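Trainee: The structure's right below; bear with me while I get my questions together.
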Amino acid sequence: MGALGFILNAEEGERSWRLAEYVKRGGYSALKKIIDENIPPENIVAELKKSSLRGRGGAGFPTGLKWSFMPRQFPGAKYVVCNSDEGEPGTFKDRDILRWNPHMVIEGMIIAGYAMGCARGYNYIHGEIWEIYKRFEEALEEARAAKLLGPNILGSDFSFELQAHHGYGAYICGEETALLESIEGKKGQPRFKPPFPASFGLYGKPTTINNTETFASIPYIIREGGQKFLELGRPNNGGTKLFSVSGHVNNPGNFEVPLGTPFKKLLEMAGGVRNGHKLKAVIPGGSSMPVLPGEIMMETDMDYDSIQKAGSYLGSGAVIVMDETTCMVRALERLSYFYFEESCGQCTPCREGTGWLYRVVHRIEKGEGRQEDLDLLLSVCENIAGRTICALGDAAAWPVQGMLKHYRSEFEYHIEHKRCLV
Amino acid sequence: MEKITNFFKTFLLFELVKGMALTGRYFFARKITVQFPEEKTPQGFRFRGLHAQRRYASGEERCIGCKLCEAVCPALAINIETEEREDGTRRTTRYDIDLMKCIFCGFCEESCPVDAIVETRILEYHGEKRGDLYYTKPMLLAVGDKYEEQIAKDRAADAKYR
Amino acid sequence: MAKIEIDGKQVEIENGRTVIEAAHLAGIYIPHFCYHKKLSIAANCRMCLVQVEKAPKPLPACATPVTDGMKVFTASEQAVKAQKGVMEFLLINHPLDCPVCDKGGECELQDLAVGYGSSASRYQEEKRMVVPKEVGPLISTKEMSRCINCTRCVRFGQEIGGIMELGQAFRGEHAEIMSFVSNSVDSELSGNMIDLCPVGALTSKPFRFTARAWELSHRRSVSPHDSLGSNLTVQVKNNRVMRVLPAENEEINECWLSDKDRFSYEGLNSGERLTKPMIKQNGAWQEVEWQAALEYAAKGLRQIADGAGAEHIGALATPHSTLEELYLLQKLVRSVGSDNVDFRLRQSDFSADGKQAGAPWLGMPIAEINTRDRILLVGSFLRKDHPLLAHRARDAVKKGAQASIVHSADDDLLMNVANKAIVAPDAMANVLAQILKALAAEKQAVVEASVQSAEVGSAAAAIAKSLASGERVAVLLGNFAQQHPQAAQLQVLGQQIAALCGGKFGFLGEAANSVGGHLAKALPRANGMNAAAMLAAPRKAYILLNVEAELDTHNPQQALVAMKAADLVVALSAYKHQATDYADVLLPIAPFSETSGTFVNTEGRVQSFKGAIKPLGEARPGWKVLRVLGNLLNETGFEYDTSEAVRDEALSGVDVAAQLNNAVQGVALETAGAGSGSLQRVSDVPIYSADAIVRRAASLQNTRDAEAPCALMHGAELSRLGVHAGEQVKVSQGEGSAILVAAADDRLPQGVVRVAAGHAATAGLGAMFGAVTVEPITGGRA
């Protein structure tokens, strides 16, 4: 169990997610503190800025800054939305937070509602984790019964209503504006920005959207102070982070470690590469991020800035480990297929380009590739990245660019010999 | 001096000799006259003669009624009308070429996206009345059907230059 | 205002506008597909990507708001590279079959591909294929594979048409535009989606594959159908109208066209066109020369004028006739000494005649409808009678206006209606009186005693409250209100309601020349007979201009009796029609596309047009026929050379603007409530039955709006009659009856049966309003 205790150890029991257990662990004390001491909302945002908490969903945008964008004096409704639509291959942290610690997210969202003056919140939960959605609903009921949610929370004049909303499994609904469209009952397609959700969000009202893990980090920051949170990690990379380690490791799973922990140590925690194989490559931040060769990763620390320096992004913290037996062409084919299938079809480069990328990679994998295909892939990627409404276009292009940067020779081998190098 | 030369030229029949020399040279040279119609000059595969409408091997007419030939024709010799056939494709109900207007520039076959209108190697056609040279769709198709083999060969020969 | 620089040009534009608008202002073209000035911004095609100084990535010009000092480069290396990249993506799955495509030659994608596409494709994988769907008789979606998913059609449905009939289903590369589960597209504005489609995915079914864009000559014209006077581009080839497209006029039809205006041209090429003058001799029709036909008609008219008297001659014209035709018709009739001329064929209440201050009109410019904040619609099938005015009202409602309706039917207007009073026709005047009374109470004004006696119901009170709070009120009387037997009452009440709110009062004119007929004086003066009177008291001779007696009149039964009893019926018509039963002379005249003429639309705009093509066969422009008929009757003053000369004479000394006046004086109010107790008829004129041309437009006749008329009744009314929906019933009115299928419509008030007029199936019935009986037919299940 890490410092924040996102996930509880199994021995704490199946009931550990219940309200009573959570309160025993110090839960809702941050909320109580705010209500009792009548802390002004500005101070909460200031505390967040001090903690240098960065969004845990993938982009790593400073949360305190994001919260300060919400118009303070706005007549009418404002919303706070939690993005638990975790659909990126390799990422499985939010579901564990919600499975073992739903109240932590609820508390974080209530505090967010308090800090930004929102009376209503929604938690959009991925459609393929139904039992977790059910559990979250139960947790909400508990919180409502304990007067932690609803009108006049803990006897104060602050009211906040929170509802869960489950999607149907579309990856694109994890994009914040597509998620808003989906909550509104429309087809999940990203909106063009600007206007940003902070000015025109859910139902056209100012809205703040954060990742589950971000909200779950809030109570600790309020309870222990932003400085302490910051000190858990590194400057500009405060706190601990959940890493979902998957792939060719002996002990895959979620690991909560302070930001800045060396990858080597994380790999050790996950039991090392399976069967004593050699590490070949790592995707450090979920399938949409560029791949990095094992050697580079072994020298890198797990925080936003270090990984960016190494040539990739921390993303959602989904670490996909590949050993020497992995065919990179096959791996890329699978990734490209995912983005081809999950493109929403709204804007041209992504709708047309993802299919093109997949088909070419698929052809190479089948042994029907041509040498000029590799430059074609890079050129198509260049035409997709940065030209789309949302980041899915980038997400489809980066893995291709990353793979070709580090493993071009393997692709060339595949084209020439019509079979895998490994 | 000039007077003297002229004097001798006149008396020695110099011009006559010169003329006869030319006659003699051509008398023995290789003849190039072609005995048309018994003999014919060679034709290139791009020869632009009488028009034809082609069909696919299935018997389906090639023409899709796009009217590009009508639009490009500099002599306004082509006249097309179209409608939607039962199977939902556009087909011509009328495809006329007025050969009296045609200048055989070949733009029509060049513009045709499906190689439907082509110019054949036929040049010895005639009409007894002016109206005889107003070719309608069935006439053009008949030409195409008759000479398809030659047309296909010529298209194949030209293919690599297109 | 923001000052920005585009490609080195300085532009000043209000804040909040987008880069593409600024570029258009500066005369710089930015390639685009999904952007359309009248639709919301989708930014999904990405074709308009431009370079903006300090922005790391190219930005879509259509969705990027201008900021002061912005520097935009539309043709820089970065911008062009982005645009070419997008073009390549658009083309990889687009079938490159331009020669087959109906859009070829006028295709936005084709045009831009010339500039931004490369000559060979790098895409060598399989192309996407979309299975074609059927969406009705007007739009062909056979080639949906060509769709580039710009969603203009979808947005048009949502934002302009008021109903989303096409949507984007599925996602990613599998995304496709389709209607909802095999539904057809039934909007009366659906044809605009064809114009909007930047590729050949949505094409016009009637026009499909009949001509190519470059073969067509474009001629400007004006719609002869509803009173909007939409501007048309009539496209012709070989002296035949091949299709009709909108001509943009921001003040009238913007860039839209209703399906009626767009597809009615098929009626112009109908096989029913009359192409030779004909005379009935000994009961048999004979084609004759013009000279013979005209002399026959002139002789017959002269005989009746000299014998029985000129007052035995009556002239009827449809309000779809041109100003010139109407003017010459009345001049002709008056020159022989009769005053019996009228064009208000579906009107039944003429009690306001002689009390009107001027020609009834919209009461405001058309474009002002969008700016109203309260709209009271009285007796209007707005969507079907005036599709584009409905769009303007919808726009006003979207901007926050409250719409209220008083009507005898509650058809979906595809907009939010704040309040409605749906009552039987004979209760409509009373409801207006209630509204007036409640409004007077709100405004502390005094009203007449007859109004004071009305008991204000909740609906009327709500409408009054809504109107009272408005700043820019419009009270509009629709076709139904004008055809109503108490039309004058409704007019007075509407006028007073509008006056109390300080708002505008107007009529949604029925036809293209409803205002023009007044300006042409084609209606009786003091001692003449109006349309209803002429038919109620049969004349010895009739001159019919474009009239189909059984379809265009208020009471077809009466009209047919009158026609059959007449000694001489001279029918000027573009079509062979039922007139063969009762007419003696058929004179083929040209429809709007083949004659020059003038229509005065409902806002009083005088729009003249030239003939787009030559008249078909022996048909001649109506004004010429009437002119020669005048000559043959030895009357003077018919020496016109051009239709312009006729128009100038008709409008000489007429200040059109001053003539437009809805005020009526001296009509006594009688606003007693309903009381007849018997079943009342409510009639609409179905959108594609309204005039002779649309009735013959084959594709429009296959739409759902042109389905055979039913006897629509409230469910309770059906069970009272012991009839089930779907069963046949006999609807009787006066002497005649019609066998119709009964259908339930619980939005109708009880005590009424809605039976369409203007349709052959109901032509045996009597007046459009009044008592009818409905009986079940035993064993008559349809």
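Computed from the coordinates by the stated procedures, all read-outs in this text should not be read as laboratory data. Worth saying up front: this structure is predicted, and the values here are computed from it rather than measured. Cβ placement follows ideal geometry from the backbone for every residue including glycine, while neighbour counts extend to all protein chains displayed.
Trainee: What is the Cα coordinate range of the protein assembly as shown on the first, second and third principal axes, sorted by size from largest, in whole angstrom?
Mentor: Computed over the Cα atoms, the extents are 139, 118, 74 Å.
Trainee: Taking only complete DSSP H runs, can you tell me which helices of chain C stretch 27 Å or more along their own long axis by Cα positions and average at least 0.0 on the Kyte-Doolittle scale? List each step's numbers first, then the result.
Mentor: Working: long enough: none.
Span-like helices, by this rule, are absent here.
Trainee: Suppose the Debye formula is applied to equal point scatterers at every Cα of the range C:294-363; what is log10 I(q)/I(0) at q = 0.17 Å⁻¹?
Mentor: Taken in order of the listed q values, log10 I(q)/I(0) reads -0.75.
Trainee: Per-residue mean of other chain beta-carbon atoms within 10 angstrom of the beta-carbon, peptide A:349-362? Kindly include the intermediate steps, with their values, before the conclusion.
Mentor: Details: counts 9, 5, 13, 14, 6, 2, 10, 9, 0, 2, 5, 4, 0, 1.
So the per-residue partner count for this stretch is 6.
Trainee: How shielded is A:218-226 by partner chains, expressed as the average number of their Cβ atoms within 10 Å of its Cβ atoms? The partial results should precede the final answer.
Mentor: On the way: counts 0, 0, 0, 0, 0, 0, 0, 0, 0.
So the per-residue partner count for this stretch is 0.
Trainee: In addition: Can you give the charge dipole size of the range B:29-71 about its Cα centre, rounded to the nearest 20 debye, using +1 on the beta carbon of Lys and Arg and -1 on the beta carbon of Asp and Glu? Before the final figure, lay out the partial values.
Mentor: On the way: 9 positive and 5 negative charges, 45 e Å.
For this selection, approximately 220 debye.
Trainee: Work out the mean other chain Cβ neighbour count within 10 Å for the residues of C:355-361 and drop it here as an integer. Before the final figure, lay out each step's value.
Mentor: Working: counts 0, 0, 0, 0, 0, 0, 0.
Average neighbour count from other chains, rounded to a whole number: 0.
Trainee: From the mean inverse distance of alpha carbon pairs (Kirkwood) and the Cα radius of gyration, derive Rg over Rh for the range C:351-440.
Mentor: With Rg and the Kirkwood Rh in hand, the quotient comes to 0.98.
Trainee: Would you kindly compute the Cα radius of gyration of the range A:279-422 and its largest Cα-Cα separation (Dmax), both in Å?
Mentor: Answer for the range A:279-422, Rg first and Dmax second: 14.5, 40 Å.
Trainee: On to the next question. Mean residue ellipticity at 222 nm from the helices of chain B, using -39,500 (n - 2.57) per DSSP H segment of n ≥ 4 over the full residue count, to the nearest 500 deg cm²/dmol? Walk me through the numbers before you get to the answer.
Mentor: Working: 5 runs with 58 residues, N = 162.
Using -39500 (n - 2.57) per qualifying helix, the result is -11000 deg cm²/dmol.
Trainee: Related question: Using mean Cβ contacts within 10 Å as the protection proxy, how do C:5-18, C:376-389 order, highest first?
Mentor: Values: C:5-18: 15.1, C:376-389: 25.7.
Top to bottom by mean Cβ count within 10 Å: C:376-389, C:5-18.
Trainee: Can you give me the angle between helix A:392-417 and the longest principal axis of chain A, using Cα atoms only, in degrees from 0 to 90, rounded to the nearest 10?
Mentor: Relative to chain A, helix A:392-417 is tipped by roughly 30 degrees.
Trainee: Based on the mean of other beta carbon atoms within 10 Å per residue, what is the order of C:619-626, A:28-35, most packed first?
Mentor: Values: C:619-626: 24.6, A:28-35: 19.6.
In decreasing order of mean packing, C:619-626, A:28-35 become C:619-626, A:28-35.
Trainee: Percent of Cα-Cα pairs per 20 Å bin, from 0 to the last occupied bin, for chain C, please list those.
Mentor: All Cα pairs considered, the percentages come to 15, 45, 32, 8, 0.
Trainee: Ranked highest first by the average count of other Cβ atoms within 10 Å around their residues, in what order do C:406-415, C:288-297, C:582-591 fall?
Mentor: C:582-591, C:406-415, C:288-297
Trainee: State the cysteines of chain C left without a partner when partners are defined as other cysteines whose beta carbon lies under 4.7 Å away.
Mentor: C:CYS48, C:CYS62, C:CYS98, C:CYS101, C:CYS107, C:CYS147, C:CYS153, C:CYS197, C:CYS255, C:CYS501, C:CYS710, each lacking another Cys Cβ under 4.7 Å.
Trainee: Can you grab the distance from the C-alpha centre of the range B:9-65 to the C-alpha centre of the range B:112-159, Å, no decimals?
Mentor: Value for the Cα centre distance between the two parts: 23 Å.
Trainee: A further question follows. Counting other Cβ atoms within 10 Å, keep those with at most 14, restrict to DSSP loop, and tell me which chymotrypsin sites (Phe, Trp or Tyr not before Pro) in the range A:54-120 are left.
Mentor: Details: sites: A:TRP67, A:PHE69, A:TYR79, A:PHE92, A:TRP100, A:TYR114; in loops: A:PHE69, A:PHE92.
Those that pass, being in a loop and sparsely packed, are A:PHE69.
Trainee: Hey, what did the range A:1-154 get for relative contact order, percent, Cα under 8 Å, at least 6 apart? Please report the intermediate quantities before stating the final value.
Mentor: Details: 155 pairs, mean separation 42.6, N = 154.
For the range A:1-154, the relative contact order is 28 percent.
Trainee: Nearest 500 deg cm²/dmol is fine: what mean residue ellipticity at 222 nm does chain C get from its DSSP H runs of n ≥ 4 alone, each adding -39,500 (n - 2.57), divided by its residue count?
Mentor: Helices in chain C give a 222 nm mean residue ellipticity of -7500 deg cm²/dmol.
Trainee: Straight distance only, please: which aspartates and glutamates reach the Cα of A:LYS405 with their own Cα at less than 20 Å, same-chain residues fewer than 8 apart left out?
Mentor: Filter leaves A:GLU295, A:GLU299, A:ASP323, A:GLU324, A:GLU333, A:GLU365, A:GLU372, A:ASP373, A:ASP375, A:GLU382, A:ASP394, A:GLU416.
Trainee: Give the separation of the Cα centroids, the range C:14-48 to the range A:254-331, in Å.
Mentor: First find each Cα centre; the distance between them is then 44 Å.
Trainee: How far is helix A:130-145 tilted off the main Cα axis of chain A, in degrees rounded to 10, range 0 to 90?
Mentor: 10
Trainee: Over 30 Å between Cα atoms: which of C:LYS276/C:LYS730; B:LYS67/C:LYS276; A:LYS205/C:LYS504; C:LYS37/C:LYS260; A:LYS228/A:LYS309 fall into that group?
Mentor: Numbers: C:LYS276/C:LYS730 39 Å; B:LYS67/C:LYS276 34 Å; A:LYS205/C:LYS504 36 Å; C:LYS37/C:LYS260 24 Å; A:LYS228/A:LYS309 26 Å.
Checking Cα-Cα distances, C:LYS276/C:LYS730; B:LYS67/C:LYS276; A:LYS205/C:LYS504 exceed 30 Å.
Trainee: Please list, in order along the range C:339-345, the HN-Hα scalar couplings obtained from phi with the Karplus expression 6.51 cos²θ - 1.76 cosθ + 1.60 (θ = phi - 60°), rounded to whole Hz, x for Gly and Pro.
Mentor: So the J values, rounded to whole Hz, are 10, 8, 9, 7, 10, 8, 6.
Trainee: Also: Gain in length, C:ALA445 to C:LYS614, computed as 0.36 nm per residue apart minus the alpha-carbon separation, to one decimal in nm? Don't skip to the end; give the middle numbers.
Mentor: Numbers: separation 169, 0.36 × 169 = 60.84 nm, distance 5.91 nm.
Roughly 54.9 nm would be gained on extension.
Trainee: Also, quick follow-up: Evaluate the range C:1-104: find the radius of gyration of its Cα atoms, find its Kirkwood radius, and give the ratio Rg to Rh. List each step's numbers first, then the result.
Mentor: Numbers: Rg = 14.7 Å, Rh = 14.4 Å.
Across the range C:1-104, the Cα-based Rg/Rh ratio is 1.02.
Trainee: Can you give me the three principal axis dimensions of the range C:447-549 from its C-alpha atoms, in Å, biggest first?
Mentor: 53, 29, 25
Trainee: Still on this structure: Against the 2.2 N^0.38 Å scaling, with N counting residues, where does the range A:1-104 land? I'd like the Cα-based Rg ratio to two decimal places. Before the final figure, lay out each step's value.
Mentor: On the way: Rg = 16.0 Å, N = 104, 2.2 N^0.38 = 12.8 Å.
Rg over 2.2 N^0.38 Å, computed on Cα atoms: 1.25.
Trainee: Taking 25 Å as R0, compute the FRET efficiency from the Cβ-Cβ separation of C:ALA565 and C:ASN527 and round it to 0.05. Walk me through the numbers on the way to the answer.
Mentor: Values: r = 22 Å, r/R0 = 0.90.
It comes out at approximately 0.65.
Trainee: Can you tell me the mean projection area, over all orientations, of the convex hull of chain A's alpha carbons? Units nm², please.
Mentor: So the Cα hull casts an average projection of 19.3 nm².
Trainee: Report the FRET efficiency, 1/(1 + (r/R0)^6), for C:ALA418 and A:GLU141, where r is their Cβ-Cβ distance and R0 is 35 Å, rounded to 0.05. Walk me through the intermediate numbers first.
Mentor: Numbers: r = 40 Å, r/R0 = 1.13.
Given R0 = 35 Å and the Cβ-Cβ separation, E is 0.30.
Trainee: Rounded to whole Å, give me the distance from the Cα center of the range C:731-782 to that of the range C:117-152.
Mentor: 46
Trainee: For the range B:1-109, what is the convex hull volume of its Cα atoms per residue in Å³?
Mentor: Numbers: hull volume 23.9 nm³, N = 109.
With only Cα atoms used, the range B:1-109 gives 220 Å³ per residue.
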